Amino acid sequence: MAETLRIATDSGAKGSAAGNAIEAWAAEIEAATNGEIETEIFYQNELGGQQEVFDLLMAGDLDLMLNWPMTSYDQRISIIYTPYMFTEWDEALAAYSPDSWMSQALNGIYADSGLKFLGAWPEGFNGVGTKDGHATSVEDASAFKVRVPPVAPFTETISAMGYQTATVDWGELYSALQTGVVDGDAANVIFYEVEYFGDVLTDYTHSRQQFLTGILTANMESWDGLTADQQEAVAAGAEKVMLAQFDAAKAADDGYVQTWKELGHSYVELSDDQMAALRSTVREKVWPQMDNLIGAELMELVRNNTSAQ
Amino acid sequence: MEPLLILGLLLVLLAIGLPVAWSFAGAVAALVWVYDANLNTLMLQGFRSLNSVILLALPLFILAGYLMQSGGIAARLVGFVEMAVGRRRGGMGNAMVCAAGVFGAISGTATASVAAIGTLMIDPMAEKGYPRGYSAALLGISSLLGILIPPSITMILFAVATQQSVAACFAASIVPGILLMIGLMIFNRSQIGRRITELGTDAATTSAQRWRVTVRALPAFSLPLIIIGGIYGGVFTPTEAAAFAVLASVLIGALVYRDMSFRRMRDSTIAAAETTGSIVIILLFSFIIGRILVSERIPQDLAQIVSTLVTNPICIMLLVNVFLVFAGALIDDVSVTVVIAPLLLPLMQMADVNTVHFAAIVATSVVIGANSPPMAPVLFMACRIGRASAHQAVGPALRMMLFVALPVMLLTTFVPSVSLMLPRWLGLM
Amino acid sequence: MTAAAVTQARGGILIGFLTIFDRIFTRALHALILATSLIVTVALVTLVVCRYVFNYPVAGMHELSMLAALWLYMAGAVLASRNNGHLVVDFLAGSLRSSRAKALHQLVVAALTLIIACFFALWVWKMLAWGMKRPQSIPLLQIPLWVAQLPFALAALSAMAYALRDMVRAALSLTRASKES
Ligand code: NA
Ligand code: NA
């Protein structure tokens with residue numbers, strides 16, 4: 001009897017890059033197992049919000065997932081949100097490549113939660129989307145009140161960058177931007193600003209405080225239930241999808257930048273000096289707090305691997 | 001086959017007179033048994049659905065409504081409305097529809113509308129001779145203006161799932177929303193003297209009396225003004241506005257009208273909690289039913305089958321209409337919008353239907369789905385808030401859907417300009 | 001005292017005890033409702049005032065508000081169970097005429113409610129048990145998630161208890177109706 005693996009993503013409708021990625025992963029698995037394994041695919045919001053879908057993965061209702069890490073089960077997952085670990089694509093991709101320090105750290109953290117880490121699926125560097133103007137320095141940023149995700153260390157980071165931060169539920173953010181409850185949306189890659197807020201925001205400052213990535217994962221019990229050959233098929237499929245994204249991510253991000261500009265919006269890259277100033281300010285303020293959040297040991301790992309810059 | 005059996009079970013449990021909440025829970029038990037659902041996450045998913053910022057508008061608007069009653073604000077507001085429209089045929093019912101329309105521009109969900117309008121309007125309507133079941137049905141259907149008139153959380157989800165501009169989808173459902181309002185008001189007027197005997201009131205007649213009623217209502221009117229001004233002035237979001245509605249009803253009731261005492265406040269709060277609790281339990285289980293069905297791909301598979309049935313564009317559109325309504329009878333509006341509608345999109349493209357046009361079709365079909373039993377959480381909510389028997393609301397609700405909501409949906413489906421006129425005029429597409 | 005009298009006296013003591021317990025429990029529920037309603041409202045008002053007036057991002061207000069709301073929802077649901085305030089399609093009940101038929105109907109409804117409430121309790125127990133295996137916390141507040149899930153257990157257990165009460169009541173009026181006829 002054919003076994004069925006249930007695959008989902010929490011951030012990507014059918015036809016989106018993430019949606020296509022899990023479809024490709026599923027196709028790889030089916031092809032490599034000669035139909036021994038069948039797959040069922042669930043896209044963003046089909047099985048609920050981000051947290052709910054992650055619950056399903058944790059409980060084994062879903063077997064495989066391309067997920068954006070949730071910190072409710074293990075705070076240490078926030079390691080990937082440590083601000084200004086890197087600001088260049090090649091540094092970030094190196095950190096997330098197989099067997100690199102970050103991948104090894106995530107491997108351990110995910111295993112402790114009963115999940116198998118199968119690779120990163122990078123999206124790119126985030127920034128700050130704003131309405132009617134933008135800021136390139138800590139001083140200028142204080143004029144903007146921006147929404148931050150209610151997860152550490154996002155608030156701490158955006159606050160260290162000089163912005164006023166505010167809590168607004170994602171479901172109400174669109175109208176909150178329209179009416180002026182907040183002036184911007186912080187901490188997302190430009191894809192989300194294009195997708196959700198292209199109508200209401202006008203500026204995007206690519207401040208690159210965090211490198212955001214999805215994670216390809218399996219529920220550990222589902223994983224252990226597979227034969228060695230099947231595990232090999234799942235892992236090889238994940239690696240293929242991951243490497244494809246390593247090649248495609250930057251181009252995709254550039255594509256969203258293009259769409260953003262075509263909407264008549266302004267897109268702001270920081271100069272080297274502006275970036276250096278922001279980076280040192282934020283590192284100085286937020287990194288000490290990260291020690292409490294993810295543990296001194298993991299933070300030591302971060303420091304050792306990023307101190308060069 | 002199994003879904004139909006479970007539907008049958010649900011109908012039997014409801015008909016026996018088991019509380020709606022426990023009937024839904026019984027259907028969950030049957031679904032768990034049939035599909036062998038994982039119990040580790042069954043209630044956890046229900047928990048997540050209640051652990052929501054957006055849902056906070058529900059308890060807060062119910063509480064605000066009860067406090068407005070005990071603080072004398074409701075009486076003054078309604079007194080003014082009665083004076084303004086009470087002498088017109090169907091005046092109070094039409095006032096409720098208009099209030100729901102205005103509230104639609106405030107809130108992004110139907111549930112908040114039911115809570116805010118229902119607590120204020122159903123009792124006075126009962127005094128005017130409107131049967132409670134009828135008022136609850138009118139509220140249930142007009143509360144969907146919360147989705148048709150922007151802002152709308154459902155429309156945002158649809159726009160994102162189909163990769164359309166949110167603003168265009170917002171604009172697409174405004175005209176259908178206004179048509180629904182007009183249709184409901186005409187329907188309501190037509191019922192007076194037939195199914196409803198409006199009772200006369202000793203409403204103010206002399207200009208001195210009218211002046212007094214108006215002046216007394218002025219402080220009460222500051223409450224909706226605070227809410228609307230606060231939202232459009234960028235002070236707070238619709239959910240946060242609900243908390244300010246509570247605060248303002250306490251302050252105006254205690255300081256301006258001086259009808260509010262601590263004891264009244266306490267009793268209202270407890271009564272509001274009982275209403276909230278009985279509604280939330282219904283929502284909890286109806287939500288879990290939807291999740292299990294979607295997770296087992298029942299509606300998705302049905303959508304796939306439907307997609308292969310016909311090729312003629314008009315038949316396709318009719319079939320999609322029927323299917324959306326049918327799906328709405330089984331699962332909640334968000335699942336219809338996010339899960340089912342995108343699956344039908346390729347079919348609609350075959351029939352040359354623009355996606356923004358489709359957004360409006362989906363929105364108008366949700367009006368029917370959310371009020372069609374057995375899974376009619378919005379209608380049941382309206383019944384509980386209006387203290388109406390559920391079975392007395394079903395008849396009027398079906399008539400309103402047949403004579404108003406269905407024609408609006410068909411008009412929206414077959415006359416593209418109804419939905420596309422506004423987005424085009426605004427340059428959104 | 002005859003054996004019957006002893007049973008009756010014991011029954012009286014039991015009912016007296018239950019009445020006192022019900023009174024204390026209801027008081028506690030009322031207090032819980034007042035406190036949680038206050039927290040839900042004040043947390044959101046504080047959030048807005050701090051954001052709009054003081055430009056100060058006060059953290060954890062959404063989380064606090066939702067935590068209080070979950071207790072509020074379930075306390076309200078318990079109260080509805082106690083006062084038979086849950087929404088009902090009362091078409092059948094309204095059409096029954098004889099007191100015997102009415103009592104029988106109540107007995108059936110209460111028994112079905114009890115069975116379904118047992119399922120509800122089982123599902124809640126499973127949620128809590130799984131939460132012990134994979135503990136979570138509420139972000140920002142750093143409170144264990146089970147604190148927010150516990151009210152579900154309250155609702156399920158109360159639903160069982162009140163269904164049992166309604167069964168006993170229905171059975172009593174059924175025997176009374178049988179004696180009368
Ligand atoms: Na709305
Ligand atoms: Na329905």
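Please treat every number below as a calculation from the coordinates, not as lab data. Since the model is a prediction, treat every value here as computed from it, not as a measurement. Quick reminder, even Gly has a Cβ in these numbers, built from the backbone with ideal geometry, and neighbours come from all protein chains shown.
Here are the numbers for this structure:
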| item | result |
| --- | --- |
| Chain B: angle of helix B:298-307 to the longest principal axis, Cα-based, in degrees nearest 10 | 70 degrees |
| Rounded if a/c under 1.5, otherwise prolate or oblate - segment B:134-265, Cα gyration tensor axes | oblate |
| Segment B:23-60-segment B:302-318 distance, computed between alpha-carbon centres (Å) | 32 Å |
| HN-Hα J in Hz across segment A:142-157 - Karplus 6.51, -1.76, 1.60, θ = phi - 60°, x for Gly and Pro | 5, 6, 10, 9, 10, 7, 10, x, x, 9, 6, x, 5, 4, 4, 5 |
| Two-decimal Rg/Rh across segment B:1-121, once Rg and the Kirkwood Rh are taken from alpha-carbon atoms | 1.13 |
| Overall form of segment A:1-159 per C-alpha gyration tensor (a/c, 1.5; a/b vs b/c) | prolate |
| FRET efficiency, B:Trp425 to B:Ile305 (Cβ-Cβ, R0 41 Å, nearest 0.05) | 0.60 |
| Cα shape, segment B:262-380, gyration tensor, a/c 1.5 rule | prolate |
| Helix B:153-162 axis, angle to chain B major axis (alpha carbon atoms, nearest 10°) | 20 degrees |
| Theoretical FRET efficiency, 1/(1+(r/R0)^6), r = Cβ-Cβ of A:Lys240 and B:Val102, R0 51 Å, to 0.05 | 0.40 |
| Inter-chain shielding of B:336-346 (mean C-beta neighbours from other protein chains, 10 Å cut-off) | 2 |
| 27 Å tail of the calculated P(r), segment B:21-425, as % of Cα pairs | 50 percent |
| Principal-axis tilt of helix C:99-133 within chain C, Cα atoms, nearest 10 degrees | 30 degrees |
| Within chain A, helix-based [θ] at 222 nm, where runs of 4 or more DSSP H residues each add -39,500 (n - 2.57), nearest 500 | -15000 deg cm²/dmol |
| Inter-label distance, nm, simple model (7 Å from Cα along the C-beta direction), C:Arg23/C:Ala171 | 2.6 nm |
| Over 22 Å between alpha carbons, listed pairs A:Lys240/A:Lys261; A:Lys131/A:Lys261; A:Lys131/A:Lys250; A:Lys250/A:Lys285 | A:Lys240/A:Lys261; A:Lys131/A:Lys250; A:Lys250/A:Lys285 |
| Amide N of segment A:105-138 lying under 14 Å from the label point, which is placed 7 angstrom from the Cα of A:Glu91 along Cα→Cβ | A:125-126 |
| Approximate spin-label separation B:Cys315-A:Lys250, in nm, with each point projected 7 Å along Cα-to-Cβ | 5.3 nm |
| Interatomic Cα distance distribution for chain A, bins of 10 angstrom, percent | 6, 27, 35, 23, 8, 1, 0 |
| All lysines inside 18 Å of C:Lys102 as judged from Cα atoms, apart from same-chain residues fewer than 8 positions distant | C:Lys179 |
| Phi to ³J(HN,Hα) by Karplus 6.51 cos²θ - 1.76 cosθ + 1.60 over segment B:181-189, Hz, x for Gly, Pro | 4, 4, x, 5, 5, 5, 4, 4, 4 |
| Ratio of the Cα radius of gyration of the protein assembly as shown to 2.2 N^0.38 Å, where N counts its residues | 0.96 |
| Inter-centroid distance (Cα atoms) of segment A:243-300 relative to segment A:99-138, Å | 10 Å |
| Coarse-grained scattering of chain C at q = 0.09, 0.15, 0.16 Å⁻¹, given as base-10 log I(q)/I(0) from a Debye sum over alpha-carbon atoms | -0.50, -1.02, -1.09 |
| Spacing of the two label points (7 Å from each Cα toward its C-beta) at A:Glu40 and B:Phe403, in nm | 4.4 nm |
| Relative contact order of chain A, defined on C-alpha pairs under 8 angstrom at six or more residues apart (%) | 24 percent |
| Under the Karplus curve 6.51 cos²θ - 1.76 cosθ + 1.60, θ = phi - 60°, whole-Hz ³J(HN,Hα) for segment B:54-63, x wherever Gly or Pro sits | 4, 5, 4, 4, 5, x, 6, 6, 5, 4 |
